[in-house]
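Heads up: the structure comes next, in structure tokens.
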Amino acid sequence: MTSFEKHLKKDAAWQKERSALSWAEKVRLAEALRESIAQIRRNRPGANRDARTAPKR
Amino acid sequence: MKELALLLNEMCAAGVITNYALFGAVAQMRYTEPVATVDADILVAVPSSERLDLLAPIYDFCSAKGYRPEGEAIRVGAWPAQFVPVFDRLTTEAVECAETADFEGAPLRVVRADHLAVIALSVGRAKDRLRVLALLESGSVSRAEVADLAQRHGLAEAWKGFEARFLDD
């Protein structure tokens with residue numbers, strides 16, 4: 001197994017561990033992730049600050 | 001999210017909606033690992049399905065409580081909440097059969113894993129396929145349960161196609 005494959009496997013295992021968190025903790029993580037993504041998009045060069053985010057389900 | 005739970009229960013008590021259930025990514029997280037999502041999707045059953053502006057009473061109720069529209073959603077605390085009136089037998093059943101979970105002390109109705117999977121199957125985008133796979137992998141729903149529910153809602157062929165493409169060797 002290459003080091004990259006090992007890294008992917010470790011990452012996948014970490015992701016699966018997150019399933020054991022409480023629903024409330026997962027929602028808080030999702031909130032933090034959403035804010036991080038929004039921040040990255042705001043700071044992206046040439047970002048359209050007036051663009052609406054399309055709703056997702 | 002707790003603020004949204006309290007609001008939804010208030011809406012039910014006030015008769016603005018007759019029932020509700022969280023679905024989409026936030027509901028999925030109850031069963032799987034956390035996922036990135038922009039908003040909280042809520043299926044709602046409304047008292048009268050004959051008016052054209054089904055969501056107007058919901059918007060009015062929220063506005064009276066200080067919750068403002070944000071695009072196609074209503075901002076409730078940290079979450080944009082997108083209200084979706086039930087639109088077929090599957091979503092109607094999903095709301096009726098939803099489980100009442102405890103979210104930090106507040107009751108919050110959430111669509112069951114099997115209904116989440118079949119709703120995702122019926123929509124069919126790439127992210128919906130990922131949802132089906134994540135729910136199966138989490139063990140919260142089995143292939144047999146999805147097959148049974150898909151069959152009951154006219155999605156047997158869609159499920160067979162999904163199995164052939166993503167699950168069968």
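Only the coordinates and a few stated rules stand behind these numbers; no lab work does. Since we're looking at a predicted model, the values are computed, not measured. We place every Cβ from the backbone using ideal geometry, glycine too, and count neighbours over all the protein chains shown.
Structure notes:
- In chain B the longest region clear of trypsin sites (Lys or Arg not before Pro) that are loop-assigned by DSSP and have at most 14 other C-beta atoms within 10 Å covers B:66-124.
- Neighbour-count ranking [beta-carbon atoms within 10 angstrom, fewest first] of B:Leu116, B:Leu6: B:Leu6, B:Leu116
- The calculated Kirkwood hydrodynamic radius for the protein assembly as shown is 18.8 Å, given to one decimal from all distinct C-alpha pairs.
- Dipole axis of the range B:79-149 (+1 Lys, Arg; -1 Asp, Glu on Cβ), positive-most option in B:Leu130, B:Ala98, B:Trp79: B:Leu130
- Between helix B:2-14 and chain B there is an angle of about 70 degrees, using the helix long axis and the longest principal axis of the Cα atoms.
- Sites A:Gln15 and A:Ala38, calculated FRET efficiency, Cβ-Cβ separation with R0 30 Å, nearest 0.05: 0.90
- Within the protein assembly as shown, antiparallel bridges make up roughly 70 percent of the DSSP beta bridges whose residues both belong there.
- Highest-fluctuation residue, B:Ala117, B:Ala27, B:Ala156 considered, GNM on chain B with Cα pairs under 10 Å: B:Ala156
- Note on A:21-33: average number of Cβ atoms from other chains within 10 Å of each residue's Cβ is 6.
- Cα centroid separation, the range B:11-49 to the range B:75-136 (Å): 6
- For the range B:18-125, GluC sites (Glu not before Pro) meeting the loop criterion (DSSP other than H, G, I, E, B) and having at most 11 other Cβ atoms within 10 Å: B:Glu50.
- Helix axis angle, B:126-138 relative to chain B longest principal axis, alpha carbon, degrees: 80
- Checking the cross-link pairs A:Lys6/B:Lys2; A:Lys16/B:Lys127; A:Lys10/B:Lys2; B:Lys65/B:Lys127; A:Lys10/B:Lys127; B:Lys127/B:Lys160 against a 28 Å limit on the alpha carbon distance flags A:Lys6/B:Lys2; A:Lys10/B:Lys2; B:Lys65/B:Lys127 as lying beyond it.
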